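Just so you know, all these numbers are worked out from the coordinates, no wet-lab data involved. The shown structure was predicted, so the numbers you read here are calculated from the model rather than taken from an experiment. Note: ideal-geometry Cβ built from the backbone for every residue, glycine included; neighbour counts use all protein chains shown.
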C-alpha cells in the first residue's frame, strides 16, 4: 500500500478516536475506549472495502454493517460524520434527549439495520442477512464488528456453526480483541489463536492480524472478500483506549468519558476534518423474489376436530403459494409445529435452524431487514430461550412472526418441561407486540394470513391436540377483535377464554344454562390488543367476568382482561395454571389445573 494511503488511514483512524472522545465527553457518558480500539479496523473497512451509498440507504446492493459491540456507538457515529452522513453538530448531540444518536445504535438512523447493545446478537442477525443475500441472489457483503467479551455468549457460537455449515462466504466477522471487558480481562485475553481454533472448528476461514496495522487489516479484508464457500473471521489484536496513554490498555476505563478530553485530543493530534468517500455498490440490481399467486386458505368443516398447529402448517403452505416474500424457519420441530408442509412445498424458502432458538429468531430478524416475511416456529416453551432476541427485535422495529406450539398443560403426558405456560405474558410485555391465540382450525388459518402484514413482533399460539371446528371457513378475525359465542339479556356472568379453554367455556355455559344460570362466553382470540369494547360491554351488563386460560395466572389472558376493564369495577375471577403440573392426559391436566368445564361451572356458581 502506498505511503500516502497509509498516512490517510492513520489520519482517519485518529479522527475517529478524537470524535469518539469528543462525543462521550460532551455527553458525559459513553464508551470511548471501546471505540478507540477498533478505529483502525473501521477506517480501513470504510475507506477501502465497504460498498455503501449513504444517500440511498435503501439501495438493495448496499453492504450491511452491524456493530455487534453496540456500546462502541461513538465510533459508528464518528464514521457517519467522516462519510458526510451526519454533521459535527449532530455528532455532539450523542446521548441527548431527542437525538438520533442513542447510547447504542438503533434503526432510528437510516443506516442502522438493527438495534445492538445486548451483546452476542449482531453476528446471529448478520447470519440472517447473509442468508437473505443468498436467497435474493444479491452480491452485497455483511460485515459484523464484534467485541472479544461477547465471544463468551452461546449465541455467537450458534451463529458460527450455522454460518460455517451453510458456507456463508458473504459474511465477515471482525473481532476487536482488545483484551479488556467491563470489569477486567476477558477469558482469553490477547490469545487470538484460542478464538481462531474455535471458529475454524465451525468451518470458518480465520485471519489473525495486528488491529492497529492498516496494511495487515487491508490484506485481511481483501482476503475475506476473495474467500469462497466459507465465512471469514478477522481476529484483530488491539489495545483498548489506543492512542491515549492515560487509558490505553488500562483497566477501570470502560464505559466512561476520558478524565481530560482536551489532553487526549491533543495527544491524538487534535481535531481534524478528514473525509472518507465510501464507494457505492457496483450493482443496482433488483433482489430476486418468488412469484405470487392466489391465496386459498385451507377450509375445515364445522364439527370436525383439527389441531390448530395442523391448521397453521396448512395455512402457512397456502400463504407461501400466494406470497413469494414469505419464508419459514424451524427449530428442528417442523413435524410437530407442522411447518413441514411449507418445507416440502417451498424448500428454497424454508430454513432449518436446528435446536438453536436464539439463532432462529436472529435469522428471522436479519431476513426481515431485506423485506422478507419470516415465520419462525418452535414449541412455545422454547421461545423463552430467545426472549432477549425477541426483546431486541422490538427495539429494532423488526417485523417477525413467531409461532409457539404445544402450549399449556393441554399437551398432556410430556410434562411441565415441554409446556408453554409463560409465553403469553412474555410476548404481551414486548413493545408493540401482537398476541393471537386461536381456538379452532379456520380461525387459525385466517390469523396466520392476517399476521403476514403486521408490523412489529406478532405471536400465534397453537395447541397440540385436536379441537372442535366451531367457525365456518372464510370468516375474518381482525386483530384486536373477539367473538361473542354465548349471550342473552339474562346473563349473570361472562366467561372470557381463548384457545383450548374456549371449548371448555362453551361446555360449562351449556351446563349452567341447563341448570338455570345463563352466562355469556367471549372468545378473546386477540390477547393483545384486546377487544376493549366487547369486554366493557360484558363488564357493565353482567358485572361478573370469569377468565380462564391454559397459562400461568400472571401476565396472561386474565391480566389482559383486568387491564381493559379495571376502571369499570366488575368482579373478575381468574382461572389459570397455578400449580406445577406433572404427567397426565390432556383432559386430566385441564381438570388438575382447575381450568376445565367443571372448574369453570363451579367458579361461576361460587361467584354468584
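Counting 0.36 nm for each residue step from residue 251 to residue 5 and taking away their Cα separation leaves a gain of 85.2 nm.
Expressed as a fraction of 2.2 N^0.38 Å, the C-alpha radius of gyration for the range 3-267 is 0.93.
If you take the alpha carbon atoms of the range 175-214 and fit the smallest convex hull around them, that volume is 75 Å³ per residue. Shape call for the range 305-468 from the C-alpha gyration tensor, a ≥ b ≥ c root eigenvalues: rounded (a/c under 1.5), prolate (a/b greater than b/c) or oblate? Taking the square roots of the gyration eigenvalues as a ≥ b ≥ c, the range 305-468 is rounded.
With a ≥ b ≥ c taken as the square roots of the eigenvalues of the C-alpha gyration tensor of the range 429-475, please select rounded if a/c is under 1.5 and otherwise prolate if a/b is larger than b/c or oblate if it is not? Since a/c reaches 1.5 but b/c is at least a/b, the shape of the range 429-475 is classed as oblate. Between residue 279 and residue 88, the modelled labels are 3.0 nm apart [label points 7 Å from Cα along Cα→Cβ].
Here the relative contact order of the range 10-162, from alpha carbon pairs under 8 Å that lie six or more residues apart, stands at 25 percent. Computing FRET efficiency as 1/(1 + (r/R0)^6) for residue 488 and residue 587, where r is the C-beta to C-beta distance and R0 is 22 Å, gives about 0.15.
At full extension, residue 259 and residue 54 could sit 70.4 nm farther apart than now, given 0.36 nm per residue minus the alpha carbon distance.
With respect to the chain, whose longest principal axis is taken over its alpha-carbon atoms, helix 3-27 is tilted by about 50°. At q = 0.05, 0.06, 0.12 Å⁻¹ the log10 of I(q)/I(0) for the chain amounts to -0.26, -0.37, -1.09, computed by Debye summation with a single uniform scatterer per C-alpha, solvent ignored.
The DSSP beta bridges internal to the range 305-468 are antiparallel in roughly 10% of cases.
State whether the range 404-444 is rounded, prolate or oblate according to the following rule on the C-alpha gyration tensor (a ≥ b ≥ c being the square roots of its eigenvalues): a/c under 1.5 gives rounded; otherwise a/b larger than b/c gives prolate, and the remaining case gives oblate. It comes out oblate by the Cα gyration axes. Debye sum, Cα scatterers, the range 438-528, no solvent: what log₁₀ I/I(0) at q = 0.16 1/Å? Each listed q maps to, in turn, -0.66. Across the range 323-400 the C-alpha pair distances fall into 5 Å bins from zero in the proportions 3, 17, 28, 26, 17, 7, 1 percent.
Listed by Cβ neighbour count within 10 Å, with the fewest neighbours leading, 127, 395, 496 appear as 395, 127, 496. Contact order for the chain, expressed relative to its length and based on alpha carbon pairs under 8 Å spaced 6+ residues apart, stands at 12 percent. Relative to the dominant Cα principal axis of the chain, helix 500-514 is inclined by about 20°. The fraction of Cα-Cα pairs per 5 angstrom bin, counted from 0 for the range 483-607, comes to 2, 12, 25, 25, 20, 10, 4, 1, 0 percent, rounded to whole percents.
Ordering 379, 54 by the number of other Cβ atoms within 10 Å of each residue's own Cβ, fewest first, gives 54, 379.
Looking at the chain alone, DSSP beta bridges between its own residues are antiparallel in about 15 percent of cases. Residues 344, 574, ranked from the fewest to the most other C-beta atoms within 10 Å, line up as 344, 574. Taking every alpha-carbon pair in the range 214-320 and binning the separations at 10 Å intervals from zero gives 9, 17, 18, 15, 14, 14, 10, 3 percent.
Just the Cα atoms of the range 81-169, one point each, no solvent: what log10 I(q)/I(0) does Debye give at q = 0.11, 0.22 Å⁻¹? So the normalised log intensities work out to -0.41, -1.10. Estimated purely from DSSP H runs of n ≥ 4, each contributing -39500 (n - 2.57), the mean residue ellipticity at 222 nm for the chain is -11000 deg cm²/dmol once divided by its residues. Antiparallel beta bridges, as assigned by DSSP with both residues in the range 3-267, represent about 5 percent of the total such bridges.
When you restrict to C-alpha pairs under 8 Å that are six or more residues apart and normalise by the size of the range 3-267, the relative contact order lands at 24 percent.
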